[in-house]
Amino acid sequence: MKKKKLWTLGVMLILVLSTILAACGSSDTKDTGSKDTSSGGDTASSGEPKTLVYGRGGDSVALDPAVVTDGESFTVTANIYETLVNFGERDVTIQPGLAKSWEPSEDGLTYTFQLQEGVKFHDGTDFNAEAVVKNFERWKAGADKHPYYSSQFVVGGKQVIESITAKDDYTVVFKLSQPQAPFLKNLAMSPFAIASPTAFEANEEGLSTNPVGTGPFKFVSWVRNDAVTIEKNPDYYIDGLPKLDKVIYKSIPENSTRLNALTTGEVDVADGLSPSDKASIESNSKLQLIERPSMNVGYLGLTVTRPPFDNVKVRQAVNYAIDKQALVDAFYEGLAEPAKNPMPPVISGYNDDVQGYEYDPEKAKALLAEAGYDGKKIQLWAMPVPRPYMPDGKKIAEAIQKNLEDVGIKSEIVSFEWATYLEKAQNGEADAFLLGWTGDNGDADNFLYTLLDGDNIGSNNYTFYDNKELHKLLVSAQTEINEDKRNELYKQAQEIISKDAPWVPLAHSTPILAANTKVINYIAHPTGSDRLDNVDMQ
Amino acid sequence: MLHYMGRRLFQLIPVLLGMTFIVFMLIRSIPGNPAQVILGQQATKEAVEALNASLGLNKPWYTQYFGYLGGIFQGDLGVSLRTKLPVSEEIFPYLAATAELALFAMIIAVIIGVNAGIISAWFQNSWFDYVAMVVALIGVSVPVFWLGLMEQWAFSNQLGWFPTSGREDVRDPITAITHFYLLDTLIQGRFDQFSEVFKRLVLPGMALATIPMAIIARMTRSSMLEVMRSDYVRTARAKGQKMFIVVYKHALKNAVIPVLTVIGLQTGLLLGGAILTETIFSWPGIGRYIYDAIGFRDYPVIQSGILVIAFIFIMINLIVDLLYTVIDPRIKYK
């Protein structure tokens, strides 16, 4: 009697569950059917609209590139807005953009730009010299609201761009207060994209949620923490572009979920994958691996104001003690090359003659003895978040810990939540810390001066390294407009840095993306902001 | 009854006030400041200070705190430092996303949990009892993170039954009205989208339901066992009443009170504690909203987000307390 009822109940439960499952299963067919009809309605002649879904790790902060600093914002804005000059397809050479051509003066203090004609913003406003002037005036007036403007165009409290004037409808003249070697490279950066003056004059803050540019794609919608949708700009000034009808940037924070979504076809491109995913992408015939050209450095910083690293010999010893090749093999899956300079080889001015420090524990021990190292235990800081230049901070720290122990340096691994980590390191509270940098504009200044000059202690110079001779070189390089002379200055700078050893440069990594094989012409840009106007789908 | 409710609502005020104070002080005591995070690694010292000043973060804490409190009493939850949007406006879609998922998960948890508990108690020491309780034990101890990834692997990668992540098919977006997508799609008569939304709820819903389901099952079982031994149940059975009626009608009614308490607490917990599930399934919910805000030191969002969740948590428990009187008329609030 008892048993019988139990069975009936069990059967009932199974029935309920299976109806739920059946409901889910049957909806499958219905679903695709309706999708077909709705998509058929969208385009009359050219068949299916081409929609690319781009899976990424985080959401954008704002869609006004002038007010943000995060890569996920630029990823989107680079396709809505355009800059006066562009970077090359795969590199950081300077190519025409909204400006057809430009002419610097002899002394490097005046730049005259000829603008493209017949370009319109998405709101119908004409793009012309006046629009360019208004954009620069906006950034200049509110320098505290425009972080990149103040970091690239304000040096020591002084405005680099003295004035911008519209000579005629399609000619703009920039007058600089001092020559700036990376001026054009700066202008090509996403934060200096030209927005519609009509839009920001009406509502400046509104640009963050309702971007209006001249780019190949127009803004459609943004569901926070979920998806940003942009669609083809039918009036784009270059004929035949863009090839896609719609792009959806979808935030999928968890790395394995993003890869899962790519394999099931829910997204077409997955960004920010970990090197360890390489094998599973390559083994899947429906996926293609896309390598982003390297423009970064991952390093171990040694705070030069804290013992034992106030002694240059101890710093050099640590450089000898670490087996970079082993790190690259184990944690970057070969998608990196060991570093010897603080900037990657693609950057002009790279000094390949720098000897660097090969892996040599014996030399390290000798140097430590010479330095009179007292065996003090150090703190080794491990980054809590993965970055392309540091795929797994904890594991890399463990490997380094072992390397250091081999030469007699005892260390303890510590880690903090990311914002805390940065602030504490910035205050000089770390002995040795893992960190890295991805270049903004492909210029040597953006690595050497930004990361290692005394001027930047308290911001990006986390090691408190301050060498007067180096400072002189780096500052004169900023205004040197002769490319060869400038490169010479940077080569000398790298010699000095290598000798003083404030860092152990670890690796220059190649970040990876993966895409469905249906996606063609996808070219990953070293800056991390990929232009999608040439991308197509089969 | 009304008097009781009034008193409970009045008691809310000191609790929420105390909470705002604790949260306010806590987030300011951790290192890292919003201006630095907003401006990124590029920023100069001067730019950080200028931004701090324009955000009002350089004022003394009491000015900031009472300013914030004053705003709350006027229904102003502050403005996000990061997105510059009012929190009261920004928070609703996230809250709706989480509420939809949490309610879905709780429905699964209650239906399966309560029934499993009842049957286990009814047939105490049977194989069903053993299996159900072992499963429940596994349920409370399994890491949600792992479970979610396994579900994705099995049901979406291998079997292809459900999509891996997200609330909607981004290629066919839903027009939000209430931000409860099941409701929105029904209102618009988009049944294809309704089934899509439903399918997307299943995996995260199951992951989220596991722990409450297990807790509810165990609680129901022990509560039922106690009631089943009581005299009135024996009397009912002696009178020849059908076992099913005795269990589901007579015994359950008395056994359900502690279960209801657990259900209330768990629902509240799911609202705030779904961060892991929301991350794995990229669900744009309130847990991730607040978690991200902590990373960005977005003080107003953290403060107001936690305040809203706490308020809902307390309200749910108040409703549960009031439900007691409906279920058991002997309970009276004065």
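Which of the aspartates and glutamates could a cross-linker span from B:Lys253 if the Cα-Cα distance has to be under 12 Å and same-chain partners fewer than 8 positions apart are dropped? The reachable aspartates and glutamates, counting only those whose Cα sits under 12 Å from B:Lys253, are B:Asp328. When each full DSSP H helix of chain A is screened for a Cα extent of at least 24 Å along its own axis and an average Kyte-Doolittle hydropathy of at least -0.5, the helices passing are A:2-42. Lys and Arg at +1, Asp and Glu at -1: add these up for the other residues within a Cβ distance under 11 Å of A:Ala181 and post the number. Summing Lys and Arg as +1 and Asp and Glu as -1 gives -1.
Relative to one another, the C-alpha centroids of segment B:64-88 and segment B:251-302 are positioned 22 Å apart. Only lysines eight or more places from A:Lys472 in sequence, or on another chain, were considered; those with a Cα closer than 21 Å are A:Lys158, A:Lys485, A:Lys491, A:Lys499. Separation of segment B:165-199 and segment A:160-223 by C-alpha centroid, Å? Taking the Cα centre of segment A:160-223 as reference, the centre of segment B:165-199 is 38 Å away.
Under 5 Å from the amide H of A:Trp381 lie the amide H atoms of A:Val414, A:Ala432, A:Phe433, A:Leu434, each residue being 5 or more positions distant or on a separate chain, with H modelled from the backbone and absent for Pro and chain starts.
For an R0 of 41 angstrom, estimate the FRET efficiency from the Cβ-Cβ distance between A:Asn427 and B:Asp328 and round to the nearest 0.05. After rounding to 0.05, the efficiency reads 0.10.
May I ask for the net charge around A:Phe331, where only other residues with Cβ less than 15 Å from the Cβ of A:Phe331 are counted and Lys, Arg are +1 while Asp, Glu are -1? Please list the in-between numbers first.
Working: positive: A:Lys278, A:Lys324, A:Arg387, A:Lys394, A:Lys395, A:Lys402; negative: A:Asp277, A:Asp323, A:Asp329, A:Glu333, A:Glu337, A:Asp392, A:Glu398.
Taking every Cβ under 15 Å from that of A:Phe331, the sum is -1.
Using the Karplus relation 6.51 cos²θ - 1.76 cosθ + 1.60 with θ = phi - 60°, the per-residue 3J(HN,Hα) values for segment B:52-59 come to 4, 5, 6, 7, x, 8, 9, 6 Hz, with x marking Gly and Pro. Dividing the summed -39500 (n - 2.57) terms of all DSSP H runs of n ≥ 4 by the residue count of the protein assembly as shown sets its mean residue ellipticity at 222 nm at -15500 deg cm²/dmol. Dividing the mean sequence gap of close Cα pairs (under 8 Å, 6+ apart) by how many residues segment A:296-509 holds gives a relative contact order of 36 percent. Helix B:299-327 and the longest principal axis of the Cα set of chain B meet at an angle near 20°. A protection proxy built from the mean count of other Cβ atoms within 10 Å ranks the segments B:205-211, B:230-236, A:68-74, most packed first, as B:205-211, A:68-74, B:230-236.
Shape verdict for segment B:54-94, please, from the Cα gyration tensor: rounded (a/c under 1.5), prolate (a/b greater than b/c) or oblate. In terms of gyration-tensor shape, oblate. Under a cut-off of 26 Å between alpha-carbon atoms, report the lysines in cross-link reach of A:Lys246, not counting same-chain residues fewer than 8 places apart. Hits, sequence-local ones excluded: A:Lys30, A:Lys35, A:Lys50, A:Lys120, A:Lys218, A:Lys232, A:Lys286, A:Lys518, B:Lys199. Per-peptide packing, taken as the mean over residues of other Cβ atoms within 10 Å, places B:298-307, A:124-133 in the sequence B:298-307, A:124-133 from highest down. Listed from fewest to most Cβ neighbours within 10 Å, the set A:Val61, A:Val414 follows the order A:Val414, A:Val61. Basic side chains Lys and Arg get +1 at the Cβ, acidic Asp and Glu get -1 at the Cβ, and with that the dipole of segment A:81-208 about its Cα centre reaches some 320 debye.
Taking the charge dipole of chain B about its Cα centre, with +1 at Lys and Arg Cβ atoms and -1 at Asp and Glu Cβ atoms, the residue from B:Gly113, B:Tyr65, B:Trp161 reaching farthest to the positive side is B:Gly113. When +1 charges are put on Lys and Arg Cβ atoms and -1 charges on Asp and Glu Cβ atoms, the dipole computed for chain A relative to its Cα centre reaches about 2000 debye. Working ranking of peptides A:346-354, A:316-324 by packing, defined as the average number of other Cβ atoms within 10 Å per residue, highest first, is A:316-324, A:346-354.
Residues B:Leu39, B:Leu101, B:Leu81, B:Leu269, ranked from the fewest to the most other C-beta atoms within 10 Å, line up as B:Leu269, B:Leu81, B:Leu39, B:Leu101.
Taking the Cα centre of chain B as origin, work out the dipole magnitude from +1 charges on Lys and Arg Cβ and -1 charges on Asp and Glu Cβ, in debye rounded to 20.
1360 debye
Computed from backbone phi, the HN-Hα couplings of segment A:525-531 come to 9, x, 6, x, 9, 8, 7 Hz, rounded to whole numbers (Karplus: 6.51 cos²θ - 1.76 cosθ + 1.60, θ = phi - 60°; Gly and Pro given as x). Across the options A:Gly442, A:Leu470, A:Val318, the greatest Cα extent toward the positive end of the charge dipole of segment A:296-509 (unit charges at beta carbon of Lys, Arg, Asp, Glu) belongs to A:Val318.
A cut-off of 5 Å between modelled amide H atoms, ignoring neighbours fewer than 5 places along the same chain, links A:Glu162 with A:Lys175, A:Leu176, A:Ser177.
Legend: mean number of C-beta atoms from other chains within 10 angstrom of residue C-beta atoms, peptide A:224-236, equals 3.
No lab work stands behind these numbers, since they all come straight from the coordinates. Worth saying up front: this structure is predicted, and the values here are computed from it rather than measured. Note: ideal-geometry Cβ built from the backbone for every residue, glycine included; neighbour counts use all protein chains shown.
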